[in-house]
1. Just by accessible area at a 1.4 angstrom probe, what is the order of L36, L57 from largest to smallest?
2. Given P64, V38, G16, which one lies farthest toward the positive end of the charge dipole of the chain, if we put +1 on the Cβ of every Lys and Arg and -1 on the Cβ of every Asp and Glu?
3. Which of the GluC sites (Glu not before Pro) found in the chain are loop residues per DSSP with 10 or fewer other Cβ atoms within 10 Å of their Cβ?
4. Treating the beta-carbon of each Lys and Arg as +1 and of each Asp and Glu as -1, no other charges, what is the dipole magnitude of the chain about its Cα centre, to the nearest 20 debye?
5. Over segment 1-45, with every protein chain in place, what whole percent of the accessible area is carbon and sulfur at 1.4 Å, could you tell me?
6. Please give me the summed charge of the neighbours of S61: other residues whose Cβ is under 15 Å from its Cβ, Lys and Arg +1, Asp and Glu -1.
7. What is the sum of charges around N40, taking Lys and Arg as +1, Asp and Glu as -1, for the other residues whose C-beta is under 13 Å from the C-beta of N40?
8. Are there trypsin sites (Lys or Arg not before Pro) in the chain that DSSP marks as loop and that have at most 12 other Cβ atoms within 10 Å, and which are they?
Amino acid sequence: MQPTLGRIVHFKDSEGRTLAAVVVYVNPDTEGMVNLGVWNEYGKQFNAVNVRQGDGLEQWSWPPRV
């Protein structure tokens with residue numbers, strides 16, 4: 001599935017926490033690299049730019065289906 005503007009994704013921060021994020025930009029010249037608006041566990045928003053898709057630290061992934 002290709003990322004698109006406004007999609008909800010998960011972002012794993014540098015400490016390994018999984019945080020809620022929204023895709024705010026999709027780089028058309030890359031495979032799955034996006035800019036995100038991310039919220040921490042206190043509701044404070046920050047930006048993450050040029051984030052690659054994956055399961056590692058500082059990467060984004062699709063939320064699991066439940």
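1. Values: L36 0, L57 100 Å².
The ranking, largest first, comes out as L57, L36.
2. P64
3. Details: sites: E15, E31, E41, E58; in loops: E15, E31, E41, E58.
Answer by residue number: E15, E31, E41.
4. Details: 6 positive and 7 negative charges, 43 e Å.
My answer is approximately 200 debye.
5. Values: 1480 of 2820 Å².
It is 52 percent, rounded to a whole number.
6. Values: positive: R7, K12, R17, R52, R65; negative: D13, E31, D55, E58.
Here the count lands on +1.
7. Values: positive: K12, R17, K44; negative: D13, E15, E41.
Net local charge, N40 excluded: 0.
8. Values: sites: R7, K12, R17, K44, R52, R65; in loops: R7, R17, K44, R52, R65.
Listed in order of number, the matching sites are R17, K44, R65.
The values are calculated or read from the model by the stated rules, or taken from the named source; none is laboratory data. What you are looking at is a predicted structure, and each value in this text was computed from that prediction instead of being measured. FYI the Cβ positions are ideal-geometry reconstructions off the backbone, even for glycines, and counts take in every protein chain you see. Ligands, DNA and RNA are stripped out before the accessible areas are found, and what is left, the full protein with its side chains, is counted by its heavy atoms. Shrake-Rupley method; radii C 1.70, N 1.55, O 1.52, S 1.80 Å.
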